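First comes the structure, then the notes that go with it.
The values are calculated or read from the model by the stated rules, or taken from the named source; none is laboratory data. In this text, all values refer to a predicted model and were calculated from it rather than measured experimentally. These accessible areas exclude ligands, DNA and RNA; they are computed on the full protein's heavy atoms, side chains included. Shrake-Rupley method; radii C 1.70, N 1.55, O 1.52, S 1.80 Å.
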Amino acid sequence: MSAVAITRTVALPRGASALERGTIRVADAVTRWATARAERRQERHDAMLAAIQAEQTAKADPRAADRMLSQMGLRGR
């Protein structure tokens, strides 16, 4: 997760129209959505990387292929 603290302080120009205020609100919402999406993607990436590393460090069972073949009703090596 990101360590950046996001604040919602928006500097509106003096005499901003309703369209400008609305546009700033939309831009703020899009920024929040994009930031949240990037954080979710990073979390998924970290989880997948941890799973891959765990799989690669686990000791392989030399008889696993033979067991799988016998479950399918086939002969081993």
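Round to a whole number: what % of the accessible area of region 18-60 belongs to carbon and sulfur, probe 1.4 Å? That share works out to 60 percent. Ligands, DNA and RNA are left out, and with a 1.4 angstrom probe the accessible area of region 23-77 is 92 Å² per residue. Would you mind calculating the gained length between GLN53 and LEU74 on full extension (0.36 nm times residue separation, minus the Cα-Cα distance), in nm to one decimal? Full-extension gain reported as 4.4 nm.
Once the Cα-Cα distance is subtracted from the 0.36 nm per residue extended length, the ARG21 to ARG63 segment shows a gain of 8.4 nm. If you wrap region 12-77 in the convex hull of its Cα atoms and look at it from every side, the mean projected area works out to 8.3 nm².
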